[in-house]
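**Q** Dumping the structure here so I can ask a few things about it.
The values are calculated or read from the model by the stated rules, or taken from the named source; none is laboratory data. Worth saying up front: this structure is predicted, and the values here are computed from it rather than measured. Positions of Cβ are backbone-derived with ideal geometry, glycine not excepted, and every protein chain shown enters the neighbour counts. Areas reflect the complete protein model, heavy atoms only, side chains present, ligands, DNA and RNA absent. Shrake-Rupley method; radii C 1.70, N 1.55, O 1.52, S 1.80 Å.
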Amino acid sequence: MEQLNENIDSAEITGINCMSTSETKLLESVAKLFLQRTRINCTDCHYCLPCPSGVSIPDCFDYYNKAYIYDDIPAEKFRYHLGLQESERASQCTRCGTCEPKCPQQIPIMDELKKVSELFDK
Ligand code: SF4
Ligand code: SF4
């Protein structure tokens, strides 16, 4: 109920054309920059889960993307090791193939996890 009320309050102060042209342009330029730097187009929908090996697929991709978005691989590697148990990391993927057909973004999850593992697990 609390979230519903927050949503209603938010909806009441927003609407079509509520932002100025400069605000819209700023938002678009930031969004463009984020998209340019995003390596894996994961939407964090979790449809690929659960992974039988326990890999936290969207989290692995999130750390990987942030490493390039913020241009700071060491910091994101630190967060990856802090935030994920070893059993949840990309290195645990056995390439069983269960996840890929479930991904609406058609991400080649196994190959992308390999890149994540090469960047963070070595
Ligand atoms: S391919 Fe890898 S990440 Fe995907 S379900 Fe199998 S073990 Fe998990
Ligand atoms: S199903 Fe695809 S888009 Fe969704 S969380 Fe998994 S990898 Fe990301």
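**Q** Looking at segment 51-122, which chymotrypsin sites (Phe, Trp or Tyr not before Pro) are DSSP coil and have at most 16 other C-beta atoms within 10 Å of their C-beta?
**A** Listed in order of number, the matching sites are Tyr70.
**Q** Helix 73-83 versus the longest principal axis of the chain: what angle, 0 to 90°, nearest 10, using Cα atoms?
**A** Its long axis makes an angle of about 80 degrees.
**Q** Can you tell me the relative contact order of the chain? Whole percent, Cα pairs under 8 Å, sequence separation 6 or more.
**A** The normalised contact order for the chain reaches 25 percent.
**Q** Please give every one of the aspartates and glutamates within straight-line cross-link reach of Lys122, meaning a C-alpha to C-alpha distance under 20 Å, and leave out same-chain neighbours fewer than 8 residues apart.
**A** Of all the aspartates and glutamates, those that pass the test against Lys122 - Cα under 20 Å, at least 8 places apart if same chain - are Asp59, Asp62, Asp71, Asp72, Glu76, Glu86, Glu88, Asp111, Glu112.
**Q** Enter the angle in degrees (range 0 to 90, nearest 10) between the Cα long axis of helix 57-69 and the first principal axis of the Cα atoms of the chain, meaning the one along which they spread out most.
**A** The helix 57-69 is inclined about 70 degrees to the chain.
**Q** Compute the Kirkwood hydrodynamic radius of the chain, taking the inverse of the mean of 1/r over all pairs of distinct Cα atoms, and give it in Å to one decimal.
**A** 16.5 Å
**Q** Per residue, what accessible area does segment 41-122 have, given a 1.4 Å probe and all protein chains present, in Å²?
**A** For segment 41-122, the solvent-accessible area averages 58 Å² per residue.
**Q** Here's another thing I want to ask about it. If a cysteine in the chain has no other Cys Cβ under 4.7 Å from its own Cβ, put it on the list, ordered by number.
**A** Cys18, Cys42, Cys45, Cys51, Cys60, Cys93, Cys96, Cys103
**Q** Measure nothing but the geometry: give the 0 to 90° angle between the long axis through the Cα atoms of 2-12 and the longest principal axis through the Cα atoms of the chain, rounded to 10°.
**A** So the inclination is approximately 50 degrees.
**Q** Over the chain, with every protein chain in place, what whole percent of the accessible area is carbon and sulfur at 1.4 Å, could you tell me?
**A** 52 percent
**Q** What list of ³J(HN,Hα) couplings, whole Hz, do you get for segment 34-48 from phi and the Karplus terms 6.51, -1.76, 1.60, once you set θ to phi - 60° and write x for glycine and proline?
**A** Coupling constants for segment 34-48: 4, 5, 4, 8, 7, 7, 10, 7, 8, 9, 6, 6, 6, 5, 6 Hz.
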